[in-house]
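Notes for the one structure printed next.
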Amino acid sequence: MKVDVLLGLQWGDEGKGKIVDVLTPNYQVVARFQGGPNAGHTLEFESQKYVLRSIPSGIFQGGKINLIGNGVVIDPALFKAEVEALEASGHKLIDRLYISKKAHLILPTHRLLDDAYESAKGNDKIGTTGKGIGPTYTDKVSRNGLRVGDVLHNFQEKYDAAVEKHKLILAQYDFEYDLKSLEEEWFAGLEKLKSFKLIDSEHFINNQIREGRSVLAEGAQGSLLDVDFGTYPFVTSSNTVCAGACTGLGISPHNIGEVFGIFKAYCTRVGSGPFPTELFDADADEMRNKGNEYGSVTGRPRRCGWIDLVALKYTIMINGVTQLIMMKSDVLDAFDTINVCVAYNIDGKRTEEFPFEANEEIQPDYVELPGWKTDMTAMQSEDEFPEEFNALLSFLEEELEVPIKIVSVGPDRAQTIIR
Ligand code: IMP
Ligand code: MG
């Protein structure tokens, strides 16, 4: 069977966790392929709310194998905390969670380096989640990284050598730190990590495919945070786009099946960087309050703005999206009118192509559609959709040229309408 991929088409926080959880009944394996504990995938069901950071969102349904792929970076301390919280709420993971030996480890010093680099950037800071993501991927690419498989032999020696290098870098920054206490937590986490199945995940996943099992690859962050195609340098340090599923799991492009592209009915962004349709008015406050747009990892208020079809067409193209999933439409229930950005004006020129630099010069070109002014949160089927909402769906499908197959009208698993 082919591997289906689910990914975010905006700047993250589109609601991937909820949708993976909704889709998992159809799959036997759920795999994360990039990112790390910078992610916060929120799931709500039976009046409980969970936030997953490194662990795939398939763990809430029995009988599934969950895989952390080679493209992911893992912080053992945060991993341990996440596992223990899940176990405390009755979700046993030990036989259902496998970890790639080729996944890279986030060391305590990577977290310190993340902080040091950010403070040195001053006003140009990226607004990272401070989890050591950038420095860990930097070490991976510069061939200085440590991998999960390294814990099996002479680990202390390799660890000490890596930390010595990091200390030399840290010494160049005016920066105080307490490595000892971080290390204690980290090594306790490492013991926890070692109790899981550490596997050659590329062989495992290809065997699964060959044996006809269905696999869902779960993306983290969003396509506009991709290190190649996002709003560089205000991006994360991994390939969040569909191609990342190939490198982050070891599967061939031939083996990709459906590509589910998930987007919100509006836009948000957390951290710095361009955001052409950003709003600073009461509409933004309404989106933030009603949509509870606060970072699930850092608690930061998210920046909010109108939906941006220039950006969406771009990420649909890069990812080869075959089905769209629209989230949080209920957040717009009270709006009189909905704005949809269909083009950018840059230096007096109109374009529908996402530019090299999506900076402040951009003037969005909006189409205004009437709002539906109806509470949609209890709706169970598309037959109940208000006329104005159907008009918005048709407009989006025509512009984006991909069908919208799922509409989410609230955070709960039950508030999901399949079309
Ligand atoms: P980093 O991934 O921690 O290096 O952060 C780089 C940028 O990506 C910052 O703007 C973060 O706010 C953003 N970012 C990282 N992970 C997520 C996520 O899961 N959702 C939304 N934004 C994220
Ligand atoms: Mg999130």
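The values are calculated or read from the model by the stated rules, or taken from the named source; none is laboratory data. If you're wondering where the values come from, they're calculated on a predicted model, not measured in any experiment. No Cβ is skipped: glycine too gets one built from the backbone with ideal geometry, and neighbour counts run over all protein chains shown.
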- Task: Could you grab the pairs with beta carbons closer than 7 Å, sequence gap of 6+ or different chains, first residue in region 249-274 and within 26 Å of K405 (Cα to Cα), second one in a loop (DSSP other than H, G, I, E, B) and acidic (D, E)?
- Result: I262/E14; F263/E14; K264/E14; T268/D13; T268/E293
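Here's the yes/no breakdown for (1) within 16 Å of ligand 1 (Cβ to nearest atom); (2) outside any strand (DSSP E or B); (3) buried (at least 19 other Cβ atoms within 10 Å of the Cβ):
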position	(1), (2), (3)
F280	no, yes, no
D285	no, yes, no
A311	yes, yes, yes
I316	no, yes, yes
- Within region 1-70, strands (runs of 3 or more DSSP E) holding 1 or more residues that are under 12 Å from the mean Cα position of the chain (by Cα): 3-8, 29-32, 41-45, 48-52
- Task: Identify all residues within region 1-20 that are within 16 Å of ligand 1 (Cβ to nearest atom) and at negative phi; write none if there are none.
- Result: L6, L7, G8, L9, Q10, W11, E14, K16, G17, K18, I19, V20
- Item | Whichever residue in region 256-287 is in contact with a strand residue (DSSP E or B) (Cβ under 9 Å, 6 or more places away or on another chain) and hydroxyl-bearing (S, T, Y) and, among such residues, is nearest to S329 (Cα to Cα) | Y266
- Residue count, region 81-106, condition under 17 Å from Y159 (Cβ atoms) and either assigned to a loop (DSSP other than H, G, I, E, B) or not hydrophobic (A, V, I, L, M, F, W, C) (or both), comes to 4
- Note on the structure: (1) more than 16 Å from ligand 2 (Cβ to nearest atom); (2) in contact (Cβ under 8 Å) with a residue 12 or more places away in the chain all hold for E82 apart from (1)
- Where in region 334-419 are there strands (runs of 3 or more DSSP E), lying wholly inside it, with at least 3 residues that are among the aliphatic types (A, V, I, L, M)? 337-346, 404-408
- Residue tally, condition among the basic types (K, R) and either free of Cβ contacts under 8 Å to residues at least 24 places away in the same chain or within 11 Å of ligand 1 (Cβ to nearest atom) (or both), over region 27-48: 0
- Item | Total residues in region 241-274, condition in contact with a Cys (Cβ under 9 Å, 6 or more places away or on another chain), assigned to a loop (DSSP other than H, G, I, E, B) and surrounded by fewer than 23 Cβ atoms within 10 Å (Cβ to Cβ) | 1
- Residue check, D21 under 30 Å from G305 (Cβ atoms), more than 16 Å from ligand 2 (Cβ to nearest atom) and among the acidic types (D, E): no
- Message: I'd like to verify a number: residues in region 291-331 that are in contact with a strand residue (DSSP E or B) (Cβ under 7 Å, 6 or more places away or on another chain) and among the small types (G, A, S), how many?
- Response: 4
- Kindly check whether there is at least one residue in region 342-355 that is away from ligand 2 (no atom under 16 Å from the Cβ), in contact with a Phe, Trp or Tyr (Cβ under 7 Å, 6 or more places away or on another chain) and among the hydroxyl-bearing types (S, T, Y). yes
- Residue list for region 206-240, filter: within 28 Å of M1 (Cβ to Cβ), within 12 Å of ligand 1 (Cβ to nearest atom) and assigned to a loop (DSSP other than H, G, I, E, B): G219, A220, Q221, G222, D226, S238, T240
- Looking at V20, V3, which is the one that is hydrophobic (A, V, I, L, M, F, W, C), modelled with pLDDT of 95 or more and either crowded, with 19+ Cβ neighbours inside 10 Å or closer than 17 Å to V297 by Cα (or both)? V3
- Item | Pair list, Cβ < 7 Å and 6+ apart or interchain, from region 311-334 residues that are in contact (Cβ under 8 Å) with a residue 12 or more places away in the chain to residues that are charged (D, E, K, R) and surrounded by 24 or more Cβ atoms within 10 Å (Cβ to Cβ) | M327/E14; M327/K264; K328/K264
- Residues being over 25 Å from the mean Cα position of the chain (by Cα) and of a type in the set (V, I, T): count how many of those fall in region 302-353. 4
- Which condition breaks for V141 when tested against (1) surrounded by 14 or more Cβ atoms within 10 Å (Cβ to Cβ); (2) under 24 Å from the mean Cα position of the chain (by Cα); (3) not charged (D, E, K, R)? (1)
- Query: Only one of these conditions is not met by M326: (1) of a type in the set (A, V, I, L, M, F, W, C); (2) within 16 Å of ligand 2 (Cβ to nearest atom); (3) crowded, with 23+ Cβ neighbours inside 10 Å. Which number is it?
  - Reply: (2)
- Of everything in region 109-120 that's over 20 Å from the mean Cα position of the chain (by Cα) and either closer than 27 Å to A245 by Cα or within 12 Å of ligand 1 (Cβ to nearest atom) (or both), which residue is surrounded by the most Cβ atoms within 10 Å (Cβ to Cβ)? H110
